[in-house]
Structures are given as structure tokens and as C-alpha cells.
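A short worksheet on the structure shown next.
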Amino acid sequence: MENITDLGELFNRFLAKILDPNLLMKVGIGLLQIAGILIAGKLILKFGNYLIDRLFEEKERHDKYIKRRNKTLQIVLKSALRYTLYFFGGTMALDVLGVPTTSIIAGAGVVGLAVGFGAQNLVRDVITGFFILFEKQFSIGDYIKVAGIDGVVQEIGLRVTKVRNFDGDLHIIPNGKIEQVTNLSSEARRVVIDAPIDYDQDIKEAIEILKELSNELKDEYPVIYEGPTVQGVQELAGSSVNIRLVAMVEPLESWQIARIIRQRVKERFDEKGIDIPYNHMVIVNKQ
């Protein structure tokens with residue numbers, strides 16, 4: 001009976017403590033503060049994302065290459081803002097709950113220092129990622145050659161860069177491995193086509209035909225920034241006279257435009273009766 005009485009007294013004391021008006025007020029205030037932190041964090045995140053979008057909105061009208069870079073920076077800045085708010089919001093919530101955050105932050109600094117010595121490659125990747133982003137070496141959508149791989153940039157992070165080649169393979173490259181980059185999307189690319197004609201053909205006539213065709217191609221394809229320009233005879237080859245055409249085109253369109261020019265040259269030469277030399281075999285029957 002005494003044990004039951006003691007348990008009853010303990011339960012009554014427990015109820016008295018948790019139902020203490022002062023304690024309930026403190027808990028209520030704490031919950032309100034945590035709710036306020038969550039709401040404020042969400043509003044700040046929403047407002048911050050809005051400001052980031054507005055920051056790059058004006059630049060989107062000018063240059064599509066700048067637009068790609070802005071898209072990359074938007075993603076990174078939004079991610080950095082989100083994780084920063086998570087950190088500060090979590091620290092403030094722990095402080096409201098009475099957890100000593102100062103010692104936690106100090107301890108995290110010591111642990112981070114210890115981990116840093118054992119994760120030098122990770123630190124190098126992150127630092128290189130910062131330089132890639134803020135020096136604008138390349139951006140999402142650019143066609144690049146890097147670390148023995150060429151393809152289109154799918155994603156740029158602080159630690160890794162993802163590049164997809166034309167076979168569809170996705171290569172994930174640590175930023176620390178990126179020592180030299182060739183950006184093939186930053187400027188207009190040159191397309192060079194050599195149109196061969198037979199030695200028996202009239203060179204001036206062939207050049208005039210190619211000039212006429214070049215003007216048509218320029219009007220048909222807006223991705224051609226300059227040319228095609230007929231530069232004249234490039235080479236007197238073993239079985240042909242090669243006439244060179246040069247055009248400056250939009251970076252990622254260079255391969256397609258080169259194919260189109262070759263096809264149109266062949267079709268126009270056939271139409272005008274200009275012979276293109278090709279290898280053939282002559283069989284002589286001595287009987």
C-alpha cells in the first residue's frame with residue numbers, strides 16, 4: 001500500500017510540474033518561437049529566390065550564352081541560400097530549446113578541421129568549383145572538352161560537374177580533376193568546306209556558282225553569322241582542284257551546317273554540270 005501511495009504522490013507531483021502555468025507558458029512561447037523561425041525562414045527563402053530570379057531577369061534578354069551562365073548561378077545561389085537558412089534556423093531552434101549551440105558550433109569547427117586534413121581532395125573539388133562558377137569558365141548547356149571527355153554540360157556543382165556526350169553517356173567529373181577546359185560554345189565556330197572539281201572544269205564558273213549558292217545559304221539559315229565566303233582555290237590536288245568555302249556559325253550548329261553545305265554543293269554542281277572527280281577503275285581488254 002505504501003508503494004502505491006508513493007507512486008500516486010510521484011504522479012501527482014509530475015502532473016503538478018507539467019501543468020505548472022509558468023512551464024506551460026515557457027513551452028507555449030518556445031513553440032511559438034520555433035513556429036516563427038520556420039515561417040520566417042520560409043518567407044526569407046521565398047523572397048531570396050525571388051530576388052535571385054529578378055537579379056538575372058534583365059540579363060536574359062541580351063545573350064543566350066550569358067543566359068546559360070545565369071541559369072547555372074541561379075541554381076547555385078538558391079542552393080546556397082537554402083542550406084544557409086537551414087543552418088541558422090536549426091541553430092536558433094536549438095537555442096530556443098535550451099541546447100547550448102555555442103559548444104556545438106565550436107565542436108563542429110574542430111571536427112571540420114580534423115575532417116579537412118583527411119579530405120583534401122574534397123576541399124580541392126569545392127574550391128575549384130567556386131572558381132569555375134565565378135570565373136564563368138563554362139555553364140550549363142555549353143559544349144566542352146575536359147579531362148579527356150567532350151560533351152554538353154548538364155550540371156555544375158561545387159564538388160562535381162556532369163557532362164553528357166553525344167552517345168548519351170553521363171560523365172561525372174570531380175572539379176579537382178578539371179585542369180584545362182576547351183569551351184566550344186563560347187564563340188561562333190568556323191566551318192571549312194573544300195569543294196573539289198575536275199581539272200577539266202572552268203574554275204571561274206565553279207567559283208561563281210559557289211558564290212551564288214553561298215548567298216542562298218546565308219538567307220536560308222540564320223545560324224550562319226558570317227559567310228559562307230568563297231576564298232578561291234585552296235589546293236591543286238592529285239585529281240582535283242579544291243575550292244574552299246568558310247562560314248562562321250552558331251557553336252552547336254557547326255556540324256549540321258557543314259553537312260548541309262556539302263550536300264548543297266554536290267546538288268548545285270550536278271545541276272550546273274560541274275564534274276566532281278572520284279576514284280574509278282578502267283579495265284582494258286587486250287584481246
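Does PRO222 count as under 14 Å from ALA188 (Cβ atoms) and without any contact (Cβ under 8 Å) to a residue 40 or more places away in the chain? Judged against the criteria, PRO222 is a match. Look at (1) closer than 26 Å to MET281 by Cβ; (2) of a type in the set (Phe, Trp, Tyr); (3) touching a helix residue (DSSP H, G or I) at 6+ places or on another chain (Cβ under 9 Å) and you find that TYR221 fails only one, number (1). Whether a residue is crowded, with 16+ Cβ neighbours inside 10 Å and closer than 30 Å to PHE166 by Cα was assessed, and SER214 passes this test. Taking every residue in the range 144-170 that is outside the structural domain of ALA80 (by TED's automatic domain parsing) and pairing it with any residue that is basic (Lys, Arg) and part of a strand (DSSP E or B), at least 6 positions away or on another chain, the pairs with Cβ-Cβ distances below 7 Å are GLY151/ARG164; VAL152/ARG164; GLN154/LYS162; GLN154/ARG164; GLU155/LYS162; LEU170/LYS162; LEU170/ARG164. For the range 178-191, the set of residues classified as surrounded by fewer than 16 Cβ atoms within 10 Å (Cβ to Cβ) and either more than 27 Å from VAL249 (Cβ to Cβ) or among the charged types (D, E, K, R) (or both) consists of GLU179, GLU187, ARG190, listed by residue number. Any residue at all in the range 185-207 that is under 30 Å from ARG124 (Cβ atoms) and at pLDDT 85 or above? No, there is no match, as no residue in the range 185-207 is under 30 Å from ARG124 (Cβ atoms) and at pLDDT 85 or above.
The values are calculated or read from the model by the stated rules, or taken from the named source; none is laboratory data. Quantities reported herein were computed from a predicted structural model and do not represent experimental measurements. Neighbour counts are summed over all protein chains in view; Cβ atoms, including those assigned to glycine, are modelled from backbone coordinates with ideal geometry.
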